[in-house]
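Peer 1: Sharing a structure, written as structure tokens. Questions coming.
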Amino acid sequence: MLYALCFLLFMIGLYCALVKKNMVKIVLGLVIMEYAANLFLIMVGYRLGGAAPILSRPPAGQPVAALHSVDPLPQALVLTAIVISLGSLALMVSICIRTYERYGTFDIGQIRRLKG
Amino acid sequence: MSIPLVLFVALPLGAAFVLPLIGDRRRMAASWLANLTTGALLILALLSLGQREVYLMGRWTLPLGINLVLDGLSGLMLVTTAVVAAAAMLFSIRYMDRYTARAKFLSLFLLMVTGINGVILSGDLFNLFVFLEIASIASCALVGFGCEHEELEASFKYMVLGSVGSLFILFAVALIYGMTGALNMTYVARAIRETDMNAGLAFALSLFIAGFGLKAALVPFHAWLPDAHPSAPAPISAMLSGVLIKALGVYGLARLIFNVFGVSVPLGWVLIALGVLSMVIGVFLAVGQWDFKRLLAYHSISQMGYVVLGLGIGALIAARQGDAVWASLAILGGLFHLVNHAVFKSLLFLTSGSVEMATGTRQLKRMGGLVQRLPFTGAAAGVASASIAGVPPFNGFWSKLILVMAAVQARLFALAAVTVLVSFVTLLSFLKVQRYVFLGALPEDLRNAQESKSSMLVAMGFLAVLCLAMSLLVLLPALRETVLQPAVDVLLAGVDNSITLVRY
């Protein structure tokens, strides 16, 4: 169920990126897609009632950490993915700003010199 | 001799960080450093040809760490990348005189090479995504490098569709991790073989096909390419059309389908359908173009169709348990066409840059008779046009011939006919280029057009010689066995290829 909702969020982002006419909204759609993908990665590694994946000596009577902690790998992946998305977001926003300086609009309906 | 594989990533990455420190004032120093880097990469790539190696990052053992894998296919792609990068870099020394911010340009160029090499070598799905993003972001900044109206518009379009593609791939990687609990391609392949295909894996595979299809600009996903490739400076167009769409798109697709998921009959048909659509639609859109670089960009879509068609026929024969010789031939044709296209299309883009520099326009109708003023550029463009159209002694003819033979052997006669027809339309289209750009009467305002500088001519000459020399790759059995056949064997070995790699 949660996975389906996560995919729905992904599709909302995709819809926004492909249908909207305003450049800033398109960028926001892409950001929503990235959040959905990151959320999905986190959920893949989550375990209900799991502990933080910190390697330490378990208290007496408790099982070792690996058996009851959440999976740390997806969290590391998400950190990397966030850094990458920061880079691409910065580039996209700067392209938007430069385009606005040239065309004086964010409407991609009016920004169409390339055809054919 | 074994080569530390990490050099292929570390060398351009290191140079890319040093270049902005050199600054824009010492332009020649920056150019020299960049050219030395691409030259060194070319030598390293040639040395690594035909070897099989695994490099463990930080010496972490396999299920935990990240590895770089060199096999026949990666070796072939590395050499292709290095050849085109070296030529484009040499060309850009004088071509980029018109632009400011030389050091930043060179730095972005090398970052793009880093990303491409990383994608080719990566043995880990998430790592592949990271390198893919490095290459996409760098190439996107390069498309918009001129900061003029068209360039910014093309760059935005490219960035949006490229990001959608990357996010499809990221989502699919997450799904794969959820289904198999592994990210290393070897372990994923093994897990998929044990569990067989199920709905989740099929969904991940379709996301991968859409994502890599967007990167490769195969036909339903091609909208960004004809804008992005012409808008970039000419050496970058050469890199984008020559290497980037192949390494990020087709290589990723082939690696995942053949070596991770394993081929099946429906997958073979999907590849064939994508290939045929790209071939036919790309070439018919190209015929009506009057902008030189835009015409070349549409031909890129069409020629990538040939590559995917070859891979698709190979996958189909392999999945039907047909004769391995013909599957091998089809894949050989596809991969050989990939390498050929890298050489002749980058040469065509470099000549278009040279023409644009001399005349200040890209409109075919405003040119003519340039062979009198630009004899070397004209000769290079003639060689490349003959190659792409499949005129006999040149390399493009042999790869198309192999593809037609493979299609006939697979009893797909209609496909063979389509291949020949598309080749014929390509020939017509390039006759038009020759007629309007290099032959005919020289217009009054182009009487003083200048031939390009000598370093640019060396870069074009190098690629033009390769166009002819690469025919030997299939004609001489010894060369075929060392260069092309290992790459074909990697794909044909299918899922087993990655599984045997664990032993290293």
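The values are calculated or read from the model by the stated rules, or taken from the named source; none is laboratory data. Keep in mind that what you see is a predicted model, and the values were worked out from it rather than measured. Here the Cβ is made from the backbone with ideal geometry for all residues, glycine too, and neighbour counts use every protein chain on show. Please note that ligands, DNA and RNA were not included when accessible areas were found on the heavy atoms of the full protein model with its side chains. Shrake-Rupley method; radii C 1.70, N 1.55, O 1.52, S 1.80 Å.
Peer 1: Would a scan of the range B:215-227 turn up a residue that is open to solvent by 10 Å² or more (accessible area, probe 1.4 Å) and charged (D, E, K, R)?
Peer 2: Yes, some residue in the range B:215-227 is open to solvent by 10 Å² or more (accessible area, probe 1.4 Å) and charged (D, E, K, R).
Peer 1: Kindly indicate whether B:V383 is touching a helix residue (DSSP H, G or I) at 6+ places or on another chain (Cβ under 6 Å), of a type in the set (V, I, T) and over 17 Å from B:L427 (Cα atoms).
Peer 2: no
Peer 1: Show the residue pairs meeting these rules: Cβ distance below 8 Å; 6+ apart or different chains; first residue within the range B:316-336 and in contact (Cβ under 8 Å) with a residue 12 or more places away in the chain; second residue among the polar types (S, T, N, Q) and in a loop (DSSP other than H, G, I, E, B).
Peer 2: Close Cβ pairs (under 8 Å, with a partner that is among the polar types (S, T, N, Q) and in a loop (DSSP other than H, G, I, E, B)) amount to B:A319/B:S264.
Peer 1: Now a separate question. Anything in the range B:261-288 that is touching a Pro at 6+ places or on another chain (Cβ under 9 Å) and open to solvent by 40 Å² or more (accessible area, probe 1.4 Å)? List them, or say none.
Peer 2: B:L277, B:L285
Peer 1: Quick one: would you say B:S328 is open to solvent by less than 10 Å² (accessible area, probe 1.4 Å) and not charged (D, E, K, R)?
Peer 2: no
Peer 1: Next question, about the same structure. Looking at the range B:431-451, which of the residues that are more than 18 Å from B:A389 (Cβ to Cβ) and part of a helix (DSSP H, G or I) is most open to solvent (accessible area, probe 1.4 Å)? Please lay out each step first, then the result.
Peer 2: Restricting attention to the range B:431-451, the residues satisfying the condition of being more than 18 Å from B:A389 (Cβ to Cβ) are B:440-451.
Filter once more, so that each one left must be part of a helix (DSSP H, G or I): B:444-446.
Details: B:E444: 140, B:D445: 117, B:L446: 9 Å².
Among them, the one singled out is B:E444.
Peer 1: Are any residues in the range B:374-396 part of a helix (DSSP H, G or I) and either among the aliphatic types (A, V, I, L, M) or at pLDDT below 85 (or both), and if so, which ones?
Peer 2: First, the residues of the range B:374-396 that are part of a helix (DSSP H, G or I): B:375-389, B:395-396.
Of everything in the range B:374-396, those that are part of a helix (DSSP H, G or I) and either among the aliphatic types (A, V, I, L, M) or at pLDDT below 85 (or both) turn out to be B:A379, B:A380, B:A381, B:V383, B:A384, B:A386, B:I388, B:A389.
Peer 1: Let me ask something else. Go through (1) under 30 Å from B:A358 (Cα atoms); (2) crowded, with 18+ Cβ neighbours inside 10 Å; (3) of a type outside the set (S, T, Y) and name the single condition B:V391 misses.
Peer 2: It fails just one condition, (2).
Peer 1: Look at the range A:106-115 and say how many of its residues are among the hydrophobic types (A, V, I, L, M, F, W, C) and more than 10 Å from every other protein chain (Cβ to nearest Cβ).
Peer 2: Total satisfying the criteria: 1.
Peer 1: How many of the residues making up the range A:8-26 are surrounded by fewer than 18 Cβ atoms within 10 Å (Cβ to Cβ), more than 10 Å from chain B (Cβ to nearest Cβ) and assigned to a helix (DSSP H, G or I)?
Peer 2: 8
Peer 1: Please identify the pairs in which a residue from the range A:27-46 that is among the aromatic types (F, W, Y) has its Cβ atom under 6 Å from the Cβ atom of a residue that is crowded, with 23+ Cβ neighbours inside 10 Å, counting only partners at least 6 apart or on another chain.
Peer 2: Within 6 Å, the pairs are A:F40/B:A174.
Peer 1: Let me ask something additional. Does B:V418 fit the bill of being closer than 19 Å to B:S278 by Cα and open to solvent by less than 50 Å² (accessible area, probe 1.4 Å)?
Peer 2: yes
Peer 1: Just a yes or no: is a residue in the range B:161-180 open to solvent by 10 Å² or more (accessible area, probe 1.4 Å), in contact (Cβ under 8 Å) with a residue 60 or more places away in the chain and over 27 Å from B:S31 (Cα atoms)?
Peer 2: Yes: one or more hits.
Peer 1: Could you please give the count of residues in the range A:27-48 that are of a type in the set (G, A, S), over 21 Å from A:G87 (Cβ atoms) and either surrounded by fewer than 16 Cβ atoms within 10 Å (Cβ to Cβ) or under 10 Å from the mean Cα position of the chain (by Cα) (or both)?
Peer 2: First pass over the range A:27-48, keeping only residues of a type in the set (G, A, S): A:29, A:36-37, A:45.
If we keep only those that are over 21 Å from A:G87 (Cβ atoms) as well, we get A:45.
Remaining after also requiring either surrounded by fewer than 16 Cβ atoms within 10 Å (Cβ to Cβ) or under 10 Å from the mean Cα position of the chain (by Cα) (or both): none.
Within the range A:27-48, residues that are of a type in the set (G, A, S), over 21 Å from A:G87 (Cβ atoms) and either surrounded by fewer than 16 Cβ atoms within 10 Å (Cβ to Cβ) or under 10 Å from the mean Cα position of the chain (by Cα) (or both) number 0.
Peer 1: Further question: Keeping to the range B:200-210, report how many residues are open to solvent by 50 Å² or more (accessible area, probe 1.4 Å) and within 12 Å of another protein chain (Cβ to nearest Cβ). Before the answer, list the steps.
Peer 2: Applying the first criterion (open to solvent by 50 Å² or more (accessible area, probe 1.4 Å)) to the range B:200-210 yields B:203, B:206.
Subset that is within 12 Å of another protein chain (Cβ to nearest Cβ): B:203.
Residues that pass the stated criteria total 1.
Peer 1: Look at B:S231 and say whether it is open to solvent by 10 Å² or more (accessible area, probe 1.4 Å) and hydroxyl-bearing (S, T, Y).
Peer 2: Against the criterion (open to solvent by 10 Å² or more (accessible area, probe 1.4 Å) and hydroxyl-bearing (S, T, Y)), B:S231 qualifies.
Peer 1: Any idea which residue in the range A:91-105 is nearest to A:K21 (Cα to Cα), counting only those that are more than 7 Å from chain B (Cβ to nearest Cβ) and open to solvent by 60 Å² or more (accessible area, probe 1.4 Å)?
Peer 2: Selected residue: A:Y100.
Peer 1: Among what's in the range B:132-191 and is touching a Cys at 6+ places or on another chain (Cβ under 8 Å) and within 7 Å of chain A (Cβ to nearest Cβ), pick the residue that is nearest to A:I42 (Cα to Cα). First the steps, then the outcome.
Peer 2: Here is the first cut: in the range B:132-191, the residues touching a Cys at 6+ places or on another chain (Cβ under 8 Å) are B:155-156, B:158-159, B:162.
So of that shortlist, the ones also within 7 Å of chain A (Cβ to nearest Cβ) come out as B:155-156, B:159.
Working: B:S155: 31, B:F156: 30, B:M159: 26 Å.
Checked the range B:132-191; the qualifying residue nearest to A:I42 (Cα to Cα) is B:M159.
Peer 1: Return yes when A:V83 is more than 9 Å from chain B (Cβ to nearest Cβ) and either modelled with pLDDT under 95 or within 30 Å of B:A154 (Cβ to Cβ) (or both) and no when it is not.
Peer 2: Here the answer is yes, as A:V83 does meet what is asked.
Peer 1: Let me ask you something else. Which members of the range B:12-21 meet the condition of being in contact with a helix residue (DSSP H, G or I) (Cβ under 6 Å, 6 or more places away or on another chain) and open to solvent by 40 Å² or more (accessible area, probe 1.4 Å)?
Peer 2: The answer is B:L13, B:P20.
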